[in-house]
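Notes for the one structure printed next.
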Amino acid sequence: MDMYDSLFSPGGVLNEQIARQLFDILPERGPIVVIIDKEGNRWPSHSEKFSELNISESFLRGLCGKIDDGTEPVITQVNDFSIVAVQLATERTNCGYVIIVLPQYSPESTLINIDLIEALLNQIGLIARLIEKNNLLYELQMKQCSVYGQSDRASN
């Protein structure tokens, strides 16, 4: 596998775009959101905070595996933080996974706030769908421009 495949794949580009839009609106002291693609590439909202949590690669793969097996959302507790993980997909692209890390949340506080967490997850899904539709419209527009440009050259 070429090391650049995920970077230039539609899912990789889409994940990067989702991360940029989403991370700009997240509060500094809010949850840590991590987007993980199918190849294991990660986009954390707060890189330093996420690395301080020392979440192992095998643990993240296990979460993703549970989601692939149909368990969704996956809600778990690690040390003094809660984790909620779901699949990130649009109508056309399976982008991978979204993991929300809630520092200093107990299992009880996570369940109390599950409606807010689900609202955040739904907003992330909406951002993904809107970006994908925008990309498709842009591609269509570029194709139309190239068709018109070719017909203008042909008529001269």
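No lab work stands behind these numbers, since they all come straight from the coordinates. It should be emphasised that the depicted structure is a prediction, and the values quoted were computed from it without experimental measurement.
In region 5-149, Rg over Rh equals 1.02, where Rg is the alpha-carbon radius of gyration and Rh the Kirkwood radius from pairwise Cα distances. Taking 0.36 nm per residue of separation and subtracting the Cα-Cα distance, full extension of the segment from residue 39 to residue 141 would add 33.7 nm. Close lysine pairs were tallied over the chain: pairs 8 or more places apart or on different chains with Cα atoms under 28 Å apart number 5. Short-range pairs are left out: with C-alpha atoms under 8 Å and at least six residues apart, the relative contact order of the chain is 22 percent.
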